[in-house]
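As structure tokens, the structure follows; a few thoughts come after it.
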Amino acid sequence: MLLVHLPKPSSESDPAPNTETALKVMMLVSSYPRGPADSASIFLRNLAESLRDRGLAVTVLAPADDKSGITSEGNITVRRFRYFPRPWQGLAYGSGILPNLKRNPMLWLQVPFFLACMTISLLKNLNRVRPDVVHAHWVIPQGLIAILAKLFYKTPTVITLHGGDAFAFTNKSLQKLKQYALRKCDAWTTNTRTTSSAIGTSHLMAEPYVIPMGVDVDRFASGNRDRLRADLGRDTKIVLFVGRLVEKKGVDDLITAFSLLPARVRETTLLWIVGDGELRQQLETLAQRLGVADDTKFWGRIANDQLPDYYAAGDIFVGPSVVAESGDTEGLGVVFLEAFAARLCVLATRAGGINEVIEDGTTGMLVEPNNPPSLAQTMAALLCDKELRARLTAKAFSEVQEKYQWPRIALQFESVYRRICRRPSRRNHA
């Protein structure tokens, strides 16, 4: 199937904001940062801010975690809805909806309320805000809900697939629901070609736009390497992981691989695991059992504005992603872009769409998933070869500057919005 790529700006500088009439965009999401330091779906806030910087009026409709209501966050209107009595809400946030459901099957009782409250909230806010475009992130459930709302409000709708919504929920009925939503929307986008192919697309569906999420290159390039290494020896190497501690991240393979490093490498190497999630206790127990607990530090959840210092402190970044039992895996992996921007050498697995982001031997190194010995071998090679790390990081930094800066990503999304708003079906808000 042919995938449509929007043209890149020809200028080397950031694209200028569009001077056409400002568009009103409503983003429908299942999670959104709950404060300045929160990292939950941080890429959605970055996208909203980048669209705002281009002159678009952005409203975000997201589930509440604590307080519901309307707030203005950096000139972005965030409307949060409650879907269950406050003390028991537990479906969204944390490890994410899929891992939360796996950890606690009782949360399935909240799913109907979540769907109903999101639908009602969207209909109410479409009437109040009258956006030009609805942008639903994740086809299930947001995409389906946005298509349902089109029966009442004919607002042009974009659906974006991020990975989990494409790779998981793959039984026949749910695949048909996903395909139905993508046929009925005005445009759909995916972060990689692999993500789009997982949806089981048919000839009845429009071609997707391939638009990745982005990264703030300047911010991640400005980390302070010395702040977190003050008490470490000069020759100490740090293997870094950043992400949720859930099945698809494969952190158990990373800990196992770390334990398999040659003794001469292990004695000067530390493993830092940044992030939290349902598997943390299990992973800490694994580190104890393999005898690497003293050299492994679980930092827990770190405020987003502090992450650049952690990337700067590392010597290699390892993302050992796998395909989870549910089928979920990485669609793109924003953490790899952050590592690129921080000039941190990347080692990852060939899972999901990762090999579309990392070119093996050029911008990073790739190994097969579920293979700790291979991971350990490549990890050791990178730790022992400073020149190889430097060559890979230089190319990766050039790549992220050229392709993944947020102003360019926002321009591509705005181009999609304007294309569908020029169609005859566009609503008249006069």
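The values are calculated or read from the model by the stated rules, or taken from the named source; none is laboratory data. Keep in mind that what you see is a predicted model, and the values were worked out from it rather than measured. With ideal geometry, Cβ positions are generated from the backbone for all residues, glycine too; neighbour counts draw on all protein chains shown. Areas reflect the complete protein model, heavy atoms only, side chains present, ligands, DNA and RNA absent. Shrake-Rupley method; radii C 1.70, N 1.55, O 1.52, S 1.80 Å.
Values as computed for the structure displayed
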item: From Ala166, Ala181, residue being open to solvent by less than 20 Å² (accessible area, probe 1.4 Å) and within 30 Å of Arg301 (Cβ to Cβ); result: Ala166
item: So Ser95, is it over 21 Å from Ala181 (Cα atoms), of a type in the set (Ser, Thr, Tyr) and surrounded by 18 or more Cβ atoms within 10 Å (Cβ to Cβ); result: yes
item: Cross-chain or 6+ apart pairs with Cβ under 7 Å, the range 220-247 first and over 25 Å from Pro320 (Cα atoms), then open to solvent by 80 Å² or more (accessible area, probe 1.4 Å) and among the polar types (S, T, N, Q); result: none
item: Search result, residues across the range 214-255 that are in a loop (DSSP other than H, G, I, E, B), open to solvent by less than 30 Å² (accessible area, probe 1.4 Å), of a type outside the set (A, V, I, L, M, F, W, C) and within 27 Å of Glu49 (Cβ to Cβ); result: Gly214, Gly223, Gly243
item: Tally of residues being under 15 Å from Gly214 (Cα atoms), open to solvent by 10 Å² or more (accessible area, probe 1.4 Å) and more than 13 Å from the chain's Cα centre (by Cα) across the range 29-51; result: 2
item: Matching residues in the range 260-275 - criterion: being free of Cβ contacts under 8 Å to residues at least 40 places away in the same chain and open to solvent by 30 Å² or more (accessible area, probe 1.4 Å); result: Ala263, Arg264, Arg266, Glu267, Thr268, Leu270
item: Leu411 open to solvent by 10 Å² or more (accessible area, probe 1.4 Å), within 17 Å of Tyr209 (Cα to Cα) and of a type in the set (A, V, I, L, M); result: yes
item: Members of the range 42-74 that are assigned to a loop (DSSP other than H, G, I, E, B) and at pLDDT 90 or above; result: Arg54, Gly55, Leu56, Ala64
item: Some residue of the range 190-213 being open to solvent by 30 Å² or more (accessible area, probe 1.4 Å), polar (S, T, N, Q) and over 24 Å from Glu330 (Cβ atoms); result: yes
item: Total residues in the range 282-313, condition over 18 Å from Val246 (Cβ atoms), open to solvent by less than 20 Å² (accessible area, probe 1.4 Å) and free of Cβ contacts under 8 Å to residues at least 40 places away in the same chain; result: 1
